Amino acid sequence: MTLSTICPLLLATPFAASLLELTVELLPLITKVGLRIVAFRRHTITPAASHAFEQDLQKLLRDIGRVIVRWVYNHLETADLKQALI
């Protein structure tokens, strides 16, 4: 799938506009994942290199999860303090 087909598909999803802010926040982390994959594939694959790759990937994915959870929770908060106390 090329970028020219991904963009229209993404824009056609009903939730794309509401998640744009989250997407922008995730892009630096997704970029780090991509860079880590490229770096891993460029070098000799050894057990030690594989272990380091898995550890790095696990940390990055944990960070992505944290960003998503924080964003979702923060966007559930209400401005109406009466509702927050229910």
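Results, tabulated for the structure shown:
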quantity: Nitroxide proxy distance, nm - points 7 Å out along Cα→Cβ at Val69 and His43; calculated: 3.0
quantity: Residue (of Ile64, Ser4, Gly34) at the positive-pole extreme of region 1-69, dipole from beta-carbon charges; calculated: Gly34
quantity: Accessible surface, per residue, of region 3-42 when the full set of protein chains is kept, probe 1.4 Å, Å²; calculated: 79
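The values are calculated or read from the model by the stated rules, or taken from the named source; none is laboratory data. For clarity, every value in this text was computed on a predicted model and none was experimentally measured. Note that each Cβ is placed from the backbone with ideal geometry, even for glycine, and that neighbours are counted across all protein chains shown. Surface accessibility is based on the protein's heavy atoms, side chains included, excluding ligands, DNA and RNA. Shrake-Rupley method; radii C 1.70, N 1.55, O 1.52, S 1.80 Å.
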